[in-house]
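First up is the structure itself, then whatever we jot down about it.
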Amino acid sequence: MVKPSRSYRVFQGVNGVILTLVVIVTLYPFANIIARSFSSERQIRAGEVTLWPEGFNLTTYRIVFQDSMFWRNYGNTVLYTVVATAVAMVLTTCYAYVLSKKHLKGRGVLVGVAVFTMFFTGGLIPNYVLVTSLGLKNSVWAIALPNAISVFNLLVMKAFFESLPTELEEAAQIDGLSTYGILLRIVLPLSKAVVATMVLFYSVSFWNSWFSAFLYMDKSELMPVTVYLRNLISGATTGGNAGAADAQLSQVGANIQAVTIVLTSLPILCVYPFVQRYFVSGVMLGAVKG
């Protein structure tokens with residue numbers, strides 16, 4: 001076994017120090033937010049909270065968890081995220097797979113239509129009129145359909161599909177598979193990495209989205225948890241009430257933002273480790289034998 005050179009050992013040491021600093025800089029804000037969510041208002045305003053809660057306080061968590069509307073809105077968020085992500089993945093995958101075929105007539109027009117929407121939109125009022133006229137208000141489709149395709153995600157999937165060897169699809173055609181069969185049984189199993197990445201991107205986007213629901217939902221029981229927590233922050237800031245958040249919020253207004261960040265980030269943080277392993281997996285390693 002060859003012994004590493006001195007310069008290589010120095011490089012490893014410097015690289016380790018830099019990566020450690022990056023980890024610390026990245027994790028510190030999360031640790032501080034968690035500590036603030038369990039701290040009292042006085043210590044937060046005094047700037048005494050760093051990495052450990054000061055003046056341990058669960059009042060805000062208790063107010064939120066005891067509110068039935070919070071759990072109903074949380075369930076709405078899960079429903080909206082699952083449905084919207086499923087719709088987005090189906091449409092994005094099909095569109096990207098079509099655009100990846102260079103022999104397709106009109107391919108340039110379809111790409112141009114998609115790219116055009118990255119720079120130009122119909123505007124807020126026309127979109128609102130369209131959604132309303134289609135009868136989508138107060139339904140999950142008002143959130144899922146207008147934001148179903150992200151052009152950035154579409155182009156990423158298109159580039160990935162184009163990188164797949166054409167020999168695989170040609171062999172599948174010879175074996176009698178249809179276009180849909182090739183997509184479902186050949187292309188998608190080899191695309192777990194990009195599919196998992198797109199699922200994560202769409203899920204985070206829909207989970208954190210609040211403006212569409214704020215715009216198209218008229219009833220509080222249909223709102224996602226992001227709108228509920230936004231109203232909670234607004235109520236704590238103004239000293240008023242927000243949903244079931246009563247006058248106690250005036251005593252915990254300093255840590256309400258930290259609590260909302262923790263509650264909205266926790267599900268995504270729990271899901272991410274199960275998806276992350278696909279980011280770096282070599283899905284094409286050994287797929288084609290020379």
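The values are calculated or read from the model by the stated rules, or taken from the named source; none is laboratory data. None of these values were measured; they are calculated from a predicted model. Note that we place each Cβ from the backbone using ideal geometry, even for glycine, and neighbour counts take in every protein chain shown.
Within segment 37-44, can one find any residue that is of a type outside the set (Val, Ile, Thr) and either modelled with pLDDT of 90 or more or in the same structural domain as Leu263 (by TED's automatic domain parsing) (or both)? Checked against the condition, which is being of a type outside the set (Val, Ile, Thr) and either modelled with pLDDT of 90 or more or in the same structural domain as Leu263 (by TED's automatic domain parsing) (or both), segment 37-44 yields no hits at all.
Within segment 173-188, if we keep just the residues that are hydroxyl-bearing (Ser, Thr, Tyr) and part of a helix (DSSP H, G or I), the residue that is modelled with the lowest pLDDT turns out to be Thr179.
Only residues that are surrounded by 15 or more Cβ atoms within 10 Å (Cβ to Cβ) and farther than 21 Å from Phe30 by Cβ: list them for segment 46-73, please. Walk me through how you get there before you give the answer.
Step one: filter segment 46-73 for residues surrounded by 15 or more Cβ atoms within 10 Å (Cβ to Cβ), giving 49, 53-55, 57, 59-61, 63-64, 67, 69-70, 72-73.
Thr59, Ile63, Asp67, Met69, Phe70, Arg72, Asn73, listed by residue number.
Does Val87 fit the bill of being surrounded by fewer than 18 Cβ atoms within 10 Å (Cβ to Cβ) and either part of a helix (DSSP H, G or I) or of a type in the set (Ser, Thr, Tyr) (or both)? So Val87 does not fit the description; no.
Would you say Ser212 is at pLDDT 85 or above, in the same structural domain as Ala96 (by TED's automatic domain parsing), in contact with a helix residue (DSSP H, G or I) (Cβ under 6 Å, 6 or more places away or on another chain) and assigned to a helix (DSSP H, G or I)? So Ser212 passes the test.
Only one of these is buried (at least 16 other Cβ atoms within 10 Å of the Cβ) and closer than 20 Å to Lys102 by Cα: Glu162, Glu169. Name it. Write out each step before concluding.
On the way: Glu162 fails: buried (at least 16 other Cβ atoms within 10 Å of the Cβ).
The unique qualifying residue is Glu169.
If I filter segment 42-58 for residues that are under 23 Å from the mean Cα position of the chain (by Cα) and in a helix (DSSP H, G or I), do I get at least one hit? No: zero hits.
Selection over segment 119-159 of residues that are crowded, with 18+ Cβ neighbours inside 10 Å and of a type in the set (Lys, Arg) gives a count of 1. At least 2 residues that are assigned by TED's automatic domain parsing to the domain that holds Trp207 and under 20 Å from Ala193 (Cβ atoms) in each: list the helices (runs of 4 or more DSSP H) lying fully within segment 123-165 that qualify. In segment 123-165, 151-163 are the helices (runs of 4 or more DSSP H) which contain 2 or more residues that are assigned by TED's automatic domain parsing to the domain that holds Trp207 and under 20 Å from Ala193 (Cβ atoms). Kindly indicate the residue of segment 36-67 that is without any contact (Cβ under 8 Å) to a residue 40 or more places away in the chain and among the small types (Gly, Ala, Ser) and also farthest from Val262 (Cα to Cα) among those meeting that condition. Among those residues, the one meeting the criterion is Ala46.
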